[in-house]
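Following: one structure in C-alpha coordinates, then a few remarks.
The values are calculated or read from the model by the stated rules, or taken from the named source; none is laboratory data. In this text, all values refer to a predicted model and were calculated from it rather than measured experimentally. Because the Cβ atoms are built from the backbone with ideal geometry, glycine has one as well, and the counts that use them run over all protein chains shown.
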(Lines give C-alpha, C1' and ligand atoms only; values in the text may rest on other atoms or scores of the structure.)
Protein backbone atom coordinates (compact mmCIF):
# COMPACT_ATOMS: atom_id res chain seq x y z
CA UNK A 1 0.00 0.00 0.00
CA UNK A 2 1.43 3.34 -1.00
CA UNK A 3 2.17 5.95 1.62
CA UNK A 4 0.00 9.05 1.38
CA UNK A 5 1.65 11.92 -0.45
CA UNK A 6 2.41 14.69 1.98
CA UNK A 7 2.91 18.25 0.96
CA UNK A 8 6.42 18.80 2.29
CA UNK A 9 7.58 22.24 1.26
CA UNK A 10 10.71 22.36 3.45
CA UNK A 11 13.97 23.30 1.68
CA UNK A 12 15.36 19.84 2.44
CA UNK A 13 12.43 18.13 0.78
CA UNK A 14 12.78 20.52 -2.15
CA UNK A 15 16.42 19.58 -2.60
CA UNK A 16 15.55 15.88 -2.40
CA UNK A 17 12.83 16.28 -5.01
CA UNK A 18 15.14 18.24 -7.31
CA UNK A 19 17.85 15.62 -6.89
CA UNK A 20 15.34 12.88 -7.57
CA UNK A 21 14.23 14.56 -10.78
CA UNK A 22 17.83 15.27 -11.81
CA UNK A 23 18.95 11.68 -11.27
CA UNK A 24 15.88 9.55 -11.82
CA UNK A 25 13.29 11.36 -13.95
CA UNK A 26 12.51 8.88 -16.73
CA UNK A 27 14.60 9.54 -19.82
CA UNK A 28 14.76 8.02 -23.27
CA UNK A 29 17.86 6.08 -24.26
CA UNK A 30 18.52 8.19 -27.38
CA UNK A 31 21.76 9.76 -26.07
CA UNK A 32 22.92 6.35 -24.86
CA UNK A 33 22.26 4.84 -28.27
CA UNK A 34 24.23 7.66 -29.92
CA UNK A 35 27.08 7.03 -27.51
CA UNK A 36 27.02 3.29 -28.22
CA UNK A 37 26.97 3.68 -32.00
CA UNK A 38 29.51 6.51 -32.05
CA UNK A 39 31.95 4.81 -29.70
CA UNK A 40 31.78 1.51 -31.56
CA UNK A 41 32.19 3.28 -34.91
CA UNK A 42 35.27 5.25 -33.83
CA UNK A 43 36.89 2.14 -32.36
CA UNK A 44 36.10 0.10 -35.47
CA UNK A 45 37.68 2.70 -37.75
CA UNK A 46 40.66 2.85 -35.40
CA UNK A 47 41.00 -0.94 -35.51
CA UNK A 48 40.88 -0.86 -39.32
CA UNK A 49 43.54 1.85 -39.46
CA UNK A 50 46.05 0.09 -37.18
CA UNK A 51 45.30 -3.53 -38.13
CA UNK A 52 48.47 -3.78 -40.25
CA UNK A 53 50.53 -3.26 -37.08
CA UNK A 54 48.59 -5.69 -34.89
CA UNK A 55 51.09 -8.55 -34.83
CA UNK A 56 54.05 -6.16 -34.49
CA UNK A 57 52.49 -4.59 -31.42
CA UNK A 58 51.29 -7.66 -29.59
CA UNK A 59 53.35 -10.70 -30.58
CA UNK A 60 56.37 -11.96 -28.65
CA UNK A 61 58.63 -11.27 -31.64
CA UNK A 62 57.12 -7.83 -32.25
CA UNK A 63 58.27 -4.46 -30.93
CA UNK A 64 58.21 -5.71 -27.33
CA UNK A 65 59.93 -9.04 -27.61
CA UNK A 66 59.44 -12.00 -25.29
CA UNK A 67 57.97 -10.73 -22.00
CA UNK A 68 59.24 -7.15 -22.28
CA UNK A 69 55.69 -5.75 -22.57
CA UNK A 70 55.05 -6.89 -19.00
CA UNK A 71 57.64 -4.38 -17.77
CA UNK A 72 55.38 -1.53 -18.88
CA UNK A 73 51.95 -0.46 -17.74
CA UNK A 74 50.03 -1.62 -14.67
CA UNK A 75 50.69 -5.05 -13.21
CA UNK A 76 47.00 -5.73 -12.77
CA UNK A 77 44.76 -6.64 -15.67
CA UNK A 78 44.56 -9.13 -18.51
CA UNK A 79 47.20 -9.34 -21.24
CA UNK A 80 47.25 -11.01 -24.62
CA UNK A 81 49.86 -13.43 -23.25
CA UNK A 82 47.33 -14.67 -20.66
CA UNK A 83 44.66 -15.24 -23.30
CA UNK A 84 47.16 -17.01 -25.56
CA UNK A 85 48.16 -19.26 -22.66
CA UNK A 86 44.49 -20.24 -22.27
CA UNK A 87 44.22 -20.91 -26.01
CA UNK A 88 47.45 -22.90 -26.33
CA UNK A 89 45.98 -26.22 -25.03
CA UNK A 90 43.68 -26.05 -28.06
CA UNK A 91 46.74 -26.10 -30.29
CA UNK A 92 46.32 -22.45 -31.28
CA UNK A 93 49.62 -20.73 -32.01
CA UNK A 94 50.53 -17.14 -31.20
CA UNK A 95 49.79 -15.54 -34.56
CA UNK A 96 46.47 -17.39 -34.95
CA UNK A 97 45.56 -16.65 -31.34
CA UNK A 98 46.30 -12.93 -31.76
CA UNK A 99 44.26 -12.82 -34.95
CA UNK A 100 41.40 -14.51 -33.10
CA UNK A 101 41.62 -11.92 -30.30
CA UNK A 102 41.62 -9.11 -32.85
CA UNK A 103 38.69 -10.65 -34.71
CA UNK A 104 36.73 -11.14 -31.47
CA UNK A 105 37.33 -7.48 -30.59
CA UNK A 106 36.04 -6.34 -33.99
CA UNK A 107 33.01 -8.66 -33.79
CA UNK A 108 32.23 -7.36 -30.28
CA UNK A 109 32.40 -3.76 -31.54
CA UNK A 110 30.17 -4.54 -34.54
CA UNK A 111 27.63 -6.18 -32.24
CA UNK A 112 27.85 -3.26 -29.84
CA UNK A 113 27.29 -0.79 -32.66
CA UNK A 114 24.29 -2.75 -33.95
CA UNK A 115 22.98 -3.27 -30.44
CA UNK A 116 22.90 -7.05 -30.72
CA UNK A 117 23.33 -8.83 -27.36
CA UNK A 118 24.42 -5.37 -26.32
CA UNK A 119 25.59 -5.98 -22.75
CA UNK A 120 27.54 -9.11 -23.65
CA UNK A 121 29.08 -7.31 -26.64
CA UNK A 122 30.01 -4.33 -24.45
CA UNK A 123 31.54 -6.62 -21.84
CA UNK A 124 33.61 -8.47 -24.44
CA UNK A 125 34.69 -5.26 -26.18
CA UNK A 126 35.66 -3.71 -22.82
CA UNK A 127 37.62 -6.80 -21.73
CA UNK A 128 39.51 -7.17 -25.01
CA UNK A 129 40.18 -3.44 -25.23
CA UNK A 130 41.60 -3.53 -21.69
CA UNK A 131 43.68 -6.59 -22.60
CA UNK A 132 45.13 -4.83 -25.65
CA UNK A 133 45.80 -1.65 -23.63
CA UNK A 134 47.74 -3.59 -21.00
CA UNK A 135 49.66 -5.62 -23.55
CA UNK A 136 51.30 -2.69 -25.32
CA UNK A 137 51.10 0.09 -22.74
CA UNK A 138 53.81 2.31 -24.29
CA UNK A 139 51.66 2.67 -27.41
CA UNK A 140 48.56 3.91 -25.62
CA UNK A 141 47.32 7.45 -25.05
CA UNK A 142 44.26 9.47 -24.05
CA UNK A 143 41.90 8.03 -26.65
CA UNK A 144 42.38 4.57 -25.17
CA UNK A 145 41.65 5.77 -21.64
CA UNK A 146 38.36 7.36 -22.70
CA UNK A 147 37.38 4.32 -24.78
CA UNK A 148 38.10 2.06 -21.81
CA UNK A 149 36.02 4.22 -19.46
CA UNK A 150 32.99 4.39 -21.72
CA UNK A 151 33.10 0.75 -22.81
CA UNK A 152 32.91 -0.07 -19.11
CA UNK A 153 29.84 2.17 -18.74
CA UNK A 154 28.28 0.52 -21.80
CA UNK A 155 28.12 -2.75 -19.84
CA UNK A 156 25.98 -1.29 -17.06
CA UNK A 157 24.02 1.52 -18.66
CA UNK A 158 21.05 0.63 -20.93
CA UNK A 159 22.81 1.70 -24.14
CA UNK A 160 20.98 -0.98 -26.13
CA UNK A 161 17.51 0.24 -25.25
CA UNK A 162 17.14 2.44 -28.32
CA UNK A 163 18.18 2.15 -31.97
CA UNK A 164 19.35 -1.41 -31.47
CA UNK A 165 18.65 -4.86 -32.86
CA UNK A 166 17.98 -6.02 -29.31
CA UNK A 167 15.11 -3.54 -29.00
CA UNK A 168 13.83 -4.50 -32.45
CA UNK A 169 13.95 -8.24 -31.81
CA UNK A 170 12.57 -8.24 -28.29
CA UNK A 171 9.96 -5.60 -29.03
CA UNK A 172 10.66 -4.22 -25.57
CA UNK A 173 9.01 -1.01 -24.50
CA UNK A 174 10.79 2.15 -25.56
CA UNK A 175 9.34 4.00 -22.62
CA UNK A 176 11.66 6.40 -20.80
CA UNK A 177 13.30 4.86 -17.75
CA UNK A 178 15.00 6.02 -14.59
CA UNK A 179 17.91 3.69 -15.47
CA UNK A 180 18.63 5.64 -18.65
CA UNK A 181 18.62 8.90 -16.68
CA UNK A 182 20.97 7.80 -13.89
CA UNK A 183 23.32 6.16 -16.40
CA UNK A 184 23.40 9.32 -18.47
CA UNK A 185 23.99 11.47 -15.39
CA UNK A 186 26.93 9.37 -14.16
CA UNK A 187 28.63 9.59 -17.54
CA UNK A 188 27.91 13.32 -17.84
CA UNK A 189 29.36 13.96 -14.38
CA UNK A 190 32.42 11.82 -15.20
CA UNK A 191 33.04 13.89 -18.32
CA UNK A 192 32.69 17.10 -16.28
CA UNK A 193 35.21 15.85 -13.69
CA UNK A 194 37.69 14.93 -16.41
CA UNK A 195 37.49 18.37 -18.06
CA UNK A 196 37.68 20.19 -14.74
CA UNK A 197 40.73 18.18 -13.62
CA UNK A 198 42.40 18.65 -16.98
CA UNK A 199 41.69 22.40 -17.00
CA UNK A 200 42.82 23.00 -13.41
CA UNK A 201 46.02 21.02 -13.99
CA UNK A 202 46.73 23.10 -17.09
CA UNK A 203 46.03 26.32 -15.19
CA UNK A 204 48.91 25.58 -12.79
CA UNK A 205 51.41 25.86 -15.65
CA UNK A 206 52.63 29.27 -16.66
CA UNK A 207 52.95 28.10 -20.27
CA UNK A 208 49.17 27.83 -20.49
CA UNK A 209 48.85 31.49 -19.42
CA UNK A 210 51.50 33.07 -21.64
CA UNK A 211 50.52 31.08 -24.74
CA UNK A 212 53.82 29.21 -25.03
CA UNK A 213 52.26 25.78 -24.64
CA UNK A 214 50.22 25.80 -27.81
CA UNK A 215 53.16 27.17 -29.80
CA UNK A 216 55.39 24.47 -28.33
CA UNK A 217 52.88 21.64 -28.87
CA UNK A 218 52.50 22.65 -32.51
CA UNK A 219 56.27 22.51 -33.00
CA UNK A 220 56.99 19.15 -31.31
CA UNK A 221 57.92 16.38 -33.77
CA UNK A 222 55.11 14.04 -32.69
CA UNK A 223 52.38 16.61 -33.19
CA UNK A 224 53.72 18.91 -35.92
CA UNK A 225 51.31 18.66 -38.85
CA UNK A 226 51.71 22.12 -40.38
CA UNK A 227 54.31 24.84 -40.21
CA UNK A 228 52.80 27.00 -37.50
CA UNK A 229 56.00 28.92 -36.73
CA UNK A 230 54.30 32.13 -37.92
CA UNK A 231 52.39 32.05 -34.62
CA UNK A 232 55.54 33.30 -32.90
CA UNK A 233 54.99 36.65 -34.62
CA UNK A 234 51.42 36.85 -33.28
CA UNK A 235 51.78 35.61 -29.69
CA UNK A 236 48.39 37.05 -28.78
CA UNK A 237 46.72 34.37 -30.95
CA UNK A 238 48.51 31.57 -29.12
CA UNK A 239 47.77 33.18 -25.77
CA UNK A 240 44.07 33.62 -26.59
CA UNK A 241 43.87 29.98 -27.72
CA UNK A 242 45.41 28.89 -24.40
CA UNK A 243 43.04 31.05 -22.35
CA UNK A 244 40.06 29.81 -24.37
CA UNK A 245 41.12 26.20 -23.70
CA UNK A 246 41.37 26.89 -19.96
CA UNK A 247 38.00 28.66 -19.90
CA UNK A 248 36.26 25.95 -21.91
CA UNK A 249 37.66 23.07 -19.85
CA UNK A 250 37.30 24.61 -16.39
CA UNK A 251 33.93 26.17 -17.17
CA UNK A 252 32.58 22.98 -18.75
CA UNK A 253 31.35 21.48 -15.48
CA UNK A 254 29.15 24.54 -14.87
CA UNK A 255 28.17 25.92 -18.27
CA UNK A 256 27.39 22.65 -20.04
CA UNK A 257 24.29 22.12 -17.85
CA UNK A 258 21.99 25.12 -18.37
CA UNK A 259 20.37 24.96 -21.78
CA UNK A 260 21.27 28.56 -22.59
CA UNK A 261 25.02 28.28 -21.92
CA UNK A 262 25.18 24.77 -23.37
CA UNK A 263 24.41 26.31 -26.77
CA UNK A 264 27.77 28.07 -26.48
CA UNK A 265 29.78 25.47 -24.54
CA UNK A 266 28.97 22.42 -26.65
CA UNK A 267 30.11 23.98 -29.95
CA UNK A 268 33.13 25.40 -28.10
CA UNK A 269 34.26 22.02 -26.76
CA UNK A 270 33.58 20.33 -30.11
CA UNK A 271 35.66 23.02 -31.84
CA UNK A 272 38.45 22.49 -29.31
CA UNK A 273 38.57 18.78 -30.11
CA UNK A 274 38.32 19.35 -33.84
CA UNK A 275 41.23 21.78 -33.51
CA UNK A 276 43.27 19.19 -31.62
CA UNK A 277 42.45 16.59 -34.28
CA UNK A 278 43.39 18.82 -37.20
CA UNK A 279 46.38 20.74 -35.85
CA UNK A 280 47.98 18.11 -33.60
CA UNK A 281 47.02 15.07 -35.66
CA UNK A 282 45.18 13.39 -32.77
CA UNK A 283 42.35 12.30 -35.03
CA UNK A 284 40.90 9.49 -32.97
CA UNK A 285 41.16 11.40 -29.73
CA UNK A 286 39.27 14.26 -31.36
CA UNK A 287 36.69 11.88 -32.80
CA UNK A 288 35.99 10.04 -29.56
CA UNK A 289 35.71 13.25 -27.56
CA UNK A 290 33.29 14.73 -30.12
CA UNK A 291 31.19 11.54 -29.92
CA UNK A 292 31.11 11.66 -26.12
CA UNK A 293 30.22 15.34 -25.94
CA UNK A 294 27.63 15.19 -28.69
CA UNK A 295 25.97 12.04 -27.33
CA UNK A 296 25.96 13.05 -23.67
CA UNK A 297 25.08 16.71 -24.02
CA UNK A 298 23.98 17.26 -27.60
CA UNK A 299 21.07 14.84 -27.77
CA UNK A 300 18.07 15.41 -25.56
CA UNK A 301 16.96 12.42 -23.51
CA UNK A 302 13.59 13.99 -22.89
CA UNK A 303 10.62 12.27 -24.50
CA UNK A 304 9.11 14.38 -27.27
CA UNK A 305 5.63 15.65 -26.37
CA UNK A 306 3.96 13.20 -28.75
CA UNK A 307 6.08 10.35 -27.41
CA UNK A 308 5.34 11.33 -23.83
CA UNK A 309 1.69 10.79 -24.52
CA UNK A 310 2.40 7.58 -26.43
CA UNK A 311 4.56 6.13 -23.66
CA UNK A 312 1.95 7.00 -21.11
CA UNK A 313 -0.77 5.31 -23.11
CA UNK A 314 -2.72 8.47 -23.80
CA UNK A 315 -3.49 10.30 -26.99
CA UNK A 316 -1.26 13.20 -28.01
CA UNK A 317 -2.43 16.38 -26.42
CA UNK A 318 -3.99 14.67 -23.44
CA UNK A 319 -2.39 14.75 -20.04
CA UNK A 320 0.20 12.03 -19.58
CA UNK A 321 1.86 10.64 -16.50
CA UNK A 322 5.04 12.37 -17.57
CA UNK A 323 3.43 15.73 -17.19
CA UNK A 324 1.47 15.05 -14.05
CA UNK A 325 1.94 17.56 -11.25
CA UNK A 326 4.80 16.59 -8.97
CA UNK A 327 6.63 14.74 -11.72
CA UNK A 328 8.40 17.51 -13.54
CA UNK A 329 10.71 16.69 -16.40
CA UNK A 330 14.33 17.40 -15.78
CA UNK A 331 15.30 20.85 -16.96
CA UNK A 332 19.00 20.14 -16.95
CA UNK A 333 18.60 18.22 -20.16
CA UNK B 1 15.67 7.78 -3.30
CA UNK B 2 12.10 6.66 -3.02
CA UNK B 3 13.07 3.03 -2.76
CA UNK B 4 15.91 0.94 -1.40
CA UNK B 5 17.33 -0.08 -4.83
CA UNK B 6 17.55 3.57 -5.81
CA UNK B 7 19.30 4.38 -2.57
CA UNK B 8 21.86 1.64 -3.23
CA UNK B 9 22.25 2.75 -6.80
CA UNK B 10 22.95 6.26 -5.59
CA UNK B 11 25.53 5.04 -3.08
CA UNK B 12 27.32 3.00 -5.76
CA UNK B 13 27.21 5.86 -8.26
CA UNK B 14 28.52 8.31 -5.65
CA UNK B 15 31.33 5.93 -4.67
CA UNK B 16 32.28 5.42 -8.31
CA UNK B 17 32.32 9.15 -9.01
CA UNK B 18 34.35 9.73 -5.85
CA UNK B 19 36.95 7.33 -7.24
CA UNK B 20 36.84 9.20 -10.55
CA UNK B 21 37.52 12.43 -8.65
CA UNK B 22 40.39 10.88 -6.69
CA UNK B 23 41.87 9.43 -9.88
CA UNK B 24 41.58 12.80 -11.62
CA UNK B 25 43.29 14.44 -8.63
CA UNK B 26 46.16 11.96 -8.90
CA UNK B 27 45.51 10.33 -5.51
CA UNK B 28 47.26 6.95 -5.35
CA UNK B 29 45.05 4.40 -3.59
CA UNK B 30 47.44 1.51 -4.20
CA UNK B 31 49.37 2.13 -1.00
CA UNK B 32 46.38 2.70 1.28
CA UNK B 33 46.01 -0.81 2.67
CA UNK B 34 44.07 -3.73 1.22
CA UNK B 35 40.91 -1.70 0.60
CA UNK B 36 42.96 0.93 -1.19
CA UNK B 37 44.50 -1.80 -3.34
CA UNK B 38 41.07 -3.20 -4.13
CA UNK B 39 39.82 0.25 -5.13
CA UNK B 40 42.98 0.81 -7.19
CA UNK B 41 42.27 -2.40 -9.10
CA UNK B 42 38.65 -1.38 -9.59
CA UNK B 43 39.92 1.98 -10.85
CA UNK B 44 42.08 0.22 -13.42
CA UNK B 45 39.29 -2.06 -14.56
CA UNK B 46 36.62 0.62 -14.81
CA UNK B 47 38.82 3.51 -15.84
CA UNK B 48 37.70 5.40 -12.72
CA UNK B 49 41.34 5.75 -11.68
CA UNK B 50 42.42 7.58 -14.85
CA UNK B 51 44.28 10.87 -14.77
CA UNK B 52 43.54 13.65 -17.25
CA UNK B 53 46.73 15.67 -17.29
CA UNK B 54 47.00 16.04 -21.05
CA UNK B 55 49.51 18.59 -22.36
CA UNK B 56 50.71 19.57 -18.93
CA UNK B 57 54.40 18.78 -19.13
CA UNK B 58 56.69 21.39 -17.59
CA UNK B 59 59.32 20.04 -19.91
CA UNK B 60 59.91 22.11 -23.04
CA UNK B 61 61.11 19.11 -24.95
CA UNK B 62 60.20 15.71 -26.21
CA UNK B 63 62.13 12.49 -26.72
CA UNK B 64 62.25 11.36 -30.33
CA UNK B 65 63.14 7.83 -31.36
CA UNK B 66 65.12 7.00 -34.50
CA UNK B 67 66.28 3.64 -35.73
CA UNK B 68 69.17 3.51 -38.21
CA UNK B 69 69.75 0.43 -40.31
CA UNK B 70 73.31 -0.09 -41.59
CA UNK B 71 73.86 -2.61 -44.39
CA UNK B 72 76.98 -4.61 -45.34
CA UNK B 73 78.30 -1.71 -47.45
CA UNK B 74 77.99 0.65 -44.52
CA UNK B 75 75.02 2.54 -45.93
CA UNK B 76 72.97 4.05 -43.13
CA UNK B 77 69.22 4.55 -43.50
CA UNK B 78 66.88 5.89 -40.85
CA UNK B 79 63.79 3.67 -40.70
CA UNK B 80 60.45 3.98 -38.96
CA UNK B 81 59.39 1.47 -36.34
CA UNK B 82 55.88 1.64 -37.72
CA UNK B 83 54.94 0.23 -41.07
CA UNK B 84 54.02 3.74 -42.21
CA UNK B 85 50.52 2.53 -43.02
CA UNK B 86 48.81 5.24 -40.98
CA UNK B 87 49.47 8.41 -39.04
CA UNK B 88 47.72 6.89 -36.02
CA UNK B 89 50.12 3.95 -35.93
CA UNK B 90 53.15 6.21 -36.38
CA UNK B 91 51.92 8.47 -33.56
CA UNK B 92 51.59 5.53 -31.19
CA UNK B 93 54.96 4.08 -32.08
CA UNK B 94 56.54 7.49 -31.51
CA UNK B 95 55.29 7.30 -27.90
CA UNK B 96 57.76 4.49 -27.22
CA UNK B 97 60.47 7.15 -27.00
CA UNK B 98 58.97 8.33 -23.70
CA UNK B 99 59.74 4.96 -22.12
CA UNK B 100 63.47 5.66 -22.45
CA UNK B 101 63.05 8.55 -20.04
CA UNK B 102 61.28 6.61 -17.34
CA UNK B 103 62.77 3.17 -17.64
CA UNK B 104 65.74 2.01 -15.55
CA UNK B 105 69.03 1.50 -17.45
CA UNK B 106 68.57 -2.26 -17.73
CA UNK B 107 65.02 -1.91 -19.00
CA UNK B 108 66.15 0.82 -21.39
CA UNK B 109 68.76 -1.55 -22.81
CA UNK B 110 66.20 -4.37 -23.09
CA UNK B 111 63.79 -2.08 -24.90
CA UNK B 112 66.47 -0.91 -27.35
CA UNK B 113 67.50 -4.54 -27.92
CA UNK B 114 63.92 -5.55 -28.56
CA UNK B 115 63.37 -2.73 -31.08
CA UNK B 116 66.65 -3.57 -32.81
CA UNK B 117 65.68 -7.25 -33.04
CA UNK B 118 62.44 -6.26 -34.72
CA UNK B 119 64.36 -4.14 -37.23
CA UNK B 120 66.80 -6.99 -38.00
CA UNK B 121 63.76 -9.15 -38.61
CA UNK B 122 62.17 -6.57 -40.88
CA UNK B 123 65.38 -5.68 -42.75
CA UNK B 124 67.38 -8.83 -43.46
CA UNK B 125 70.02 -6.72 -45.27
CA UNK B 126 70.88 -4.97 -41.99
CA UNK B 127 74.27 -5.71 -40.44
CA UNK B 128 73.92 -3.18 -37.66
CA UNK B 129 71.00 -1.36 -36.09
CA UNK B 130 71.42 1.83 -34.09
CA UNK B 131 68.61 2.85 -31.73
CA UNK B 132 68.90 6.58 -31.12
CA UNK B 133 66.82 8.64 -28.74
CA UNK B 134 67.17 12.38 -29.11
CA UNK B 135 65.91 15.15 -26.92
CA UNK B 136 64.12 17.79 -28.96
CA UNK B 137 63.84 21.12 -27.15
CA UNK B 138 61.30 23.53 -28.60
CA UNK B 139 62.03 27.24 -28.52
CA UNK B 140 59.90 29.96 -26.99
CA UNK B 141 58.05 32.35 -29.27
CA UNK B 142 60.47 35.20 -28.47
CA UNK B 143 63.44 32.93 -29.16
CA UNK B 144 61.94 31.91 -32.49
CA UNK B 145 61.49 35.58 -33.42
CA UNK B 146 65.16 36.20 -32.65
CA UNK B 147 66.10 33.37 -35.00
CA UNK B 148 66.91 30.63 -32.51
CA UNK B 149 66.27 27.08 -33.75
CA UNK B 150 65.01 24.14 -31.69
CA UNK B 151 67.86 22.17 -30.11
CA UNK B 152 68.36 18.47 -30.55
CA UNK B 153 70.68 16.65 -28.17
CA UNK B 154 71.65 13.02 -27.80
CA UNK B 155 69.77 11.31 -24.99
CA UNK B 156 70.51 7.63 -25.50
CA UNK B 157 71.87 5.38 -28.21
CA UNK B 158 72.75 1.75 -28.57
CA UNK B 159 74.32 -0.15 -31.46
CA UNK B 160 73.49 -3.77 -32.18
CA UNK B 161 75.29 -6.08 -34.60
CA UNK B 162 73.57 -8.81 -36.54
CA UNK B 163 74.62 -12.09 -34.97
CA UNK B 164 76.52 -14.29 -37.49
CA UNK B 165 74.36 -17.00 -39.06
CA UNK B 166 74.22 -20.04 -36.83
CA UNK B 167 76.06 -23.21 -37.88
CA UNK B 168 72.92 -25.28 -38.31
CA UNK B 169 71.42 -22.62 -40.54
CA UNK B 170 74.52 -22.48 -42.75
CA UNK B 171 74.65 -26.25 -43.05
CA UNK B 172 70.95 -26.55 -43.51
CA UNK B 173 70.59 -29.12 -40.73
CA UNK B 174 70.69 -29.22 -36.99
CA UNK B 175 74.14 -29.74 -35.57
CA UNK B 176 73.97 -31.38 -32.17
CA UNK B 177 76.37 -30.31 -29.48
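Here are some residues: B:33, B:26. Which one is surrounded by fewer than 20 Cβ atoms within 10 Å (Cβ to Cβ), at positive phi and away from chain A (no Cβ under 11 Å)? Talk me through it step by step, then tell me what you get.
Working: B:26 fails: away from chain A (no Cβ under 11 Å).
Among B:33, B:26, only B:33 is surrounded by fewer than 20 Cβ atoms within 10 Å (Cβ to Cβ), at positive phi and away from chain A (no Cβ under 11 Å).
Criterion first (in contact with a helix residue (DSSP H, G or I) (Cβ under 6 Å, 6 or more places away or on another chain), within 10 Å of chain B (Cβ to nearest Cβ) and part of a helix (DSSP H, G or I)) does residue A:218 satisfy it?
Values: in contact with a helix residue (DSSP H, G or I) (Cβ under 6 Å, 6 or more places away or on another chain): no; within 10 Å of chain B (Cβ to nearest Cβ): yes; part of a helix (DSSP H, G or I): yes.
No: the conditions fail for residue A:218.
Is at least one residue of the range A:222-233 at pLDDT 95 or above and crowded, with 18+ Cβ neighbours inside 10 Å? Within the range A:222-233, one or more residues are at pLDDT 95 or above and crowded, with 18+ Cβ neighbours inside 10 Å.
Restrict the check to the range A:79-91 and report whether at least one residue is modelled with pLDDT of 90 or more and within 13 Å of chain B (Cβ to nearest Cβ). Steps first, please.
So in the range A:79-91, the residues modelled with pLDDT of 90 or more come out as A:79-91.
Keeping just the survivors that are within 13 Å of chain B (Cβ to nearest Cβ) gives A:79.
Yes, some residue in the range A:79-91 is modelled with pLDDT of 90 or more and within 13 Å of chain B (Cβ to nearest Cβ).
Filter the range A:154-177 for residues that are in contact (Cβ under 8 Å) with a residue 40 or more places away in the chain and closer than 29 Å to residue A:276 by Cβ; which is farthest from the other protein chains (Cβ to nearest Cβ)? Filtering first and then ranking leaves A:163.
Using the structure shown, decide if residue A:276 is out of contact with any strand residue (DSSP E or B) (no Cβ under 9 Å at 6 or more places or on another chain), at pLDDT 95 or above and either under 30 Å from residue A:28 (Cα atoms) or surrounded by fewer than 21 Cβ atoms within 10 Å (Cβ to Cβ) (or both). Against the criterion (out of contact with any strand residue (DSSP E or B) (no Cβ under 9 Å at 6 or more places or on another chain), at pLDDT 95 or above and either under 30 Å from residue A:28 (Cα atoms) or surrounded by fewer than 21 Cβ atoms within 10 Å (Cβ to Cβ) (or both)), residue A:276 does not qualify.
Among the residues of the range B:23-51 satisfying the criterion of being assigned to a loop (DSSP other than H, G, I, E, B) and free of Cβ contacts under 8 Å to residues at least 24 places away in the same chain, which is farthest from residue B:133 (Cα to Cα)? Outline the logic, then answer.
Filtering the range B:23-51 down to residues assigned to a loop (DSSP other than H, G, I, E, B) leaves B:25-32, B:47-51.
Keeping just the survivors that are free of Cβ contacts under 8 Å to residues at least 24 places away in the same chain gives B:25, B:27-32, B:47.
On the way: B:25: 31, B:27: 32, B:28: 31, B:29: 34, B:30: 32, B:31: 33, B:32: 37, B:47: 31 Å.
Among residues in the range B:23-51 that are assigned to a loop (DSSP other than H, G, I, E, B) and free of Cβ contacts under 8 Å to residues at least 24 places away in the same chain, the one farthest from residue B:133 (Cα to Cα) is B:32.
Residues that are without any contact (Cβ under 8 Å) to a residue 60 or more places away in the chain and assigned to a strand (DSSP E or B) were ranked within the range B:153-165; the one that is nearest to residue A:228 (Cα to Cα) is B:153. Of the candidates A:69, A:48, A:40, A:33, the single residue that is modelled with pLDDT under 95 and either within 10 Å of another protein chain (Cβ to nearest Cβ) or over 17 Å from residue A:134 (Cα atoms) (or both) is A:69. Listed by first and then second residue, the pairs linking a residue in the range B:10-22 that is more than 9 Å from chain A (Cβ to nearest Cβ) to a residue that is at pLDDT 95 or above, with Cβ atoms under 6 Å apart and 6 or more places separating them unless they lie on different chains, are B:19/B:43; B:19/B:48. Looking only at the range B:72-88, residues that are surrounded by 14 or more Cβ atoms within 10 Å (Cβ to Cβ) and more than 27 Å from residue A:46 (Cα to Cα) come to 0 in all. The residue that is surrounded by the most Cβ atoms within 10 Å (Cβ to Cβ), counting only those in the range A:61-107 that are in contact (Cβ under 8 Å) with a residue 24 or more places away in the chain and within 21 Å of residue B:97 (Cα to Cα), is A:64. Go through the range B:79-108 and give me each residue that's closer than 11 Å to residue A:68 by Cβ and more than 7 Å from chain A (Cβ to nearest Cβ). Matches in the range B:79-108: B:103 only.
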